[in-house]
Amino acid sequence: MPTRTQALVVHQVGAPALLTDVELADPEPNEVLIRVTASGLCHTDNLVQHGGIPSAFPAIFGHEGAGRVEAVGSAVTRVQEGDSVLLSFATCGECAYCKADRPAGCSLFWDKNFMRVRSTAVGDEPVGQAVATGDAVYGSFFGQSAFARHAVVSESSVVKVPQGTDLVQLAPLGCGLQSGAGALLNQLKPAENDSVVVFGLGAVGFGALWAAAHLKLRTIIVVDLVPSRLDLALSQGATHAFSGSSPTLLDDIRAATGGIGAQYAIEATGVARVLRTAWEAICNFGHVLSVGNPGPGTNAPFDINDQVNQSKTWSGLAEGASNPPIFIPQLMRLHEAGAFPVETISRAYPVEQYEEALAAMKSGKVIKPIITF
Ligand SMILES: NC(=O)c1ccc[n+]([C@@H]2O[C@H](COP(=O)([O-])OP(=O)(O)OC[C@H]3O[C@@H](n4cnc5c(N)ncnc54)[C@H](O)[C@@H]3O)[C@@H](O)[C@H]2O)c1
Ligand SMILES: [Zn+2]
Ligand SMILES: [Zn+2]
């Protein structure tokens, strides 16, 4: 039986998200019906809403969801009715990367997360319709479309968590935070004596900072334009904090790293020219990891000659190389131990205050707004 609910529907590219009565289709065999408790708000929701990445409309966004399972499709094995879940990115489950437990590399990542492909049977079919107009509405953004009181979610997006989990505060683990934390914990795996510089203190940057502090790295440098973010980072394990607009930034980073530059840099601003600074801020044999993404069509701003002669490495990373059913519980344990203080960067807003939450994120007042349902 279709589920009558309310969702934030964006009727066309660039239009506002309006709380709209919708009727959701029943879950496909590989899908789960979730009563959504909360969903983090991420810049990618806003980017796609405004056409930065193509999408079908009318559409529901939201890809850092959390909630409870109300019904499961016939082939679902990960969860059952009543389970508490956090939601993350969607994958095909069948390609070489998925089979090797490296789902962040899924061959169908683009199709499943941005193109809203639900299953081979129904492709990118809309997930429901607006009650008042009968217009089809597209869901399945990152397998979720969690800006709604209910969502039909891909089983691959679902991570079962213990009953009693704080589904509001931990909702944002599924995207930016795991991307930043995974950059260090899953990909770079630095040693205690190593130095890292994190450019950008949004959710991605704080995820990376907390991971670096947990690993007890000797030198943890953070760079941002917002003084309050630098102060917060200093109180949470950063050893040095510099303004991204300082004319002495590179000298300061070198002075903090024995004169040669950091072993690792994490680019988490998404601003292309910051990548150039990150490249200059690492030492020979150093590694710059791009997590921030300036969007399609931007070339990396450095000389191959430097890469060869200085033995530098540059690479990119999607979703922190996370395997969510394993990595998200790992982050929850860090949170439990006080090492992943998500509450210090977030603020919850009831769905009726969505525009206020969006404005707070855009102005930089709140790092991670969480929409509650
Ligand atoms: N690779 C992935 O899987 C993945 C996942 C999530 C997000 N992202 C990308 O990561 C980036 C960061 O995401 P976020 O949610 O943390 O964003 P955010 O906007 O909250 O954070 C970016 C931070 O960079 C700072 N900044 C901007 N210009 C700067 C400069 N010149 N010097 C220093 N700091 C500067 C801002 O003040 C802000 O604090 C975005 O590009 C996002 O699209 C990638
Ligand atoms: Zn796959
Ligand atoms: Zn995101």
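The values are calculated or read from the model by the stated rules, or taken from the named source; none is laboratory data. Nothing here was measured: the structure is a model prediction, and the numbers come from that model. Here the Cβ is made from the backbone with ideal geometry for all residues, glycine too, and neighbour counts use every protein chain on show. Protein only, heavy atoms only, side chains kept; ligands, DNA and RNA dropped before computing areas. Shrake-Rupley method; radii C 1.70, N 1.55, O 1.52, S 1.80 Å.
Each row is one residue, and each column tells you yes or no for (1) closer than 17 Å to Ala17 by Cβ; (2) within 16 Å of ligand 3 (Cβ to nearest atom).
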residue	(1), (2)
Trp110	no, yes
Phe114	no, yes
Phe141	yes, yes
Arg149	yes, no
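In the set (1) surrounded by fewer than 24 Cβ atoms within 10 Å (Cβ to Cβ); (2) assigned to a loop (DSSP other than H, G, I, E, B), the condition left unmet by Arg116 is number (1).
Considering (1) within 16 Å of ligand 1 (Cβ to nearest atom); (2) out of contact with any Asp or Glu (no Cβ under 6 Å at 6 or more places or on another chain), the lone condition that Phe61 does not fulfil carries the number (2). Cβ-Cβ contacts under 9 Å between residues 6 or more apart (or on different chains), taken from a first residue in the stretch 91-112 that is under 15 Å from Asp124 (Cβ atoms) to a second residue that is acidic (Asp, Glu) and away from ligand 1 (no atom under 14 Å from the Cβ), are listed as Cys92/Asp111; Leu108/Glu94; Asp111/Asp124. Quick check on the stretch 286-338: of everything there that is under 16 Å from Gly205 (Cα atoms) and among the β-branched types (Val, Ile, Thr), which residue is nearest to ligand 1 (Cβ to nearest atom)? It comes out as Val291. Of all residues in the stretch 154-183, those satisfying the criterion of being more than 29 Å from Ser290 (Cα to Cα) and of a type in the set (Val, Ile, Thr) are Val161, Thr165.
In this structure, does Gln263 turn out to be of a type outside the set (Asp, Glu), open to solvent by 50 Å² or more (accessible area, probe 1.4 Å), at pLDDT 95 or above and in a strand (DSSP E or B)? Please lay out each step first, then the result.
Details: of a type outside the set (Asp, Glu): yes; open to solvent by 50 Å² or more (accessible area, probe 1.4 Å): yes; at pLDDT 95 or above: yes; in a strand (DSSP E or B): yes.
When the stated conditions are applied, Gln263 passes them.
Just one of the listed residues (Gln178, Gln187) is in contact (Cβ under 8 Å) with a residue 60 or more places away in the chain, open to solvent by less than 10 Å² (accessible area, probe 1.4 Å) and either more than 16 Å from ligand 1 (Cβ to nearest atom) or not in a loop (DSSP other than H, G, I, E, B) (or both), namely Gln178. Of everything in the stretch 129-139 that is part of a strand (DSSP E or B) and within 19 Å of Tyr354 (Cβ to Cβ), the residue that is farthest from ligand 3 (Cβ to nearest atom) is Ala130. Looking at Ser39, Ser55, just one residue is at negative phi, at pLDDT below 95 and either within 23 Å of the chain's Cα centre (by Cα) or within 16 Å of ligand 1 (Cβ to nearest atom) (or both), and that residue is Ser55. Within the stretch 271-294, the set of residues being open to solvent by less than 20 Å² (accessible area, probe 1.4 Å) and out of contact with any Asp or Glu (no Cβ under 8 Å at 6 or more places or on another chain) comprises Ala281, Ile282, Cys283, Gly286. None of Thr5, Thr44 is at pLDDT 95 or above and among the polar types (S, T, N, Q) except Thr5. Among the residues making up the stretch 16-29, those that are surrounded by fewer than 22 Cβ atoms within 10 Å (Cβ to Cβ) and touching a helix residue (DSSP H, G or I) at 6+ places or on another chain (Cβ under 8 Å) are Pro16, Leu19.
Among the residues that make up the stretch 64-78, is at least one of them under 21 Å from Pro329 (Cβ atoms), basic (Lys, Arg), within 16 Å of ligand 1 (Cβ to nearest atom) and surrounded by fewer than 21 Cβ atoms within 10 Å (Cβ to Cβ)?
Restricting attention to the stretch 64-78, the residues satisfying the condition of being under 21 Å from Pro329 (Cβ atoms) are 64-69, 72, 76-78.
From what's left, basic (Lys, Arg): 68, 78.
Filter once more, so that each one left must be within 16 Å of ligand 1 (Cβ to nearest atom): none.
There is no residue in the stretch 64-78 that is under 21 Å from Pro329 (Cβ atoms), basic (Lys, Arg), within 16 Å of ligand 1 (Cβ to nearest atom) and surrounded by fewer than 21 Cβ atoms within 10 Å (Cβ to Cβ).
Would it be correct to say that Leu225 is surrounded by fewer than 19 Cβ atoms within 10 Å (Cβ to Cβ), more than 22 Å from Glu319 (Cβ to Cβ) and among the aliphatic types (A, V, I, L, M)? The answer is yes for Leu225. Please work out if Gln49 is open to solvent by 50 Å² or more (accessible area, probe 1.4 Å), of a type outside the set (A, V, I, L, M) and in contact with a strand residue (DSSP E or B) (Cβ under 6 Å, 6 or more places away or on another chain). No. Tallying residues that are out of contact with any Phe, Trp or Tyr (no Cβ under 8 Å at 6 or more places or on another chain) and more than 15 Å from ligand 1 (Cβ to nearest atom) within the stretch 215-242 yields 8.
Candidates in the stretch 87-104 are the residues that are hydrophobic (A, V, I, L, M, F, W, C) and either in contact with a Lys or Arg (Cβ under 8 Å, 6 or more places away or on another chain) or away from ligand 3 (no atom under 15 Å from the Cβ) (or both); of these, the one that is nearest to Leu170 (Cα to Cα) is Phe89.
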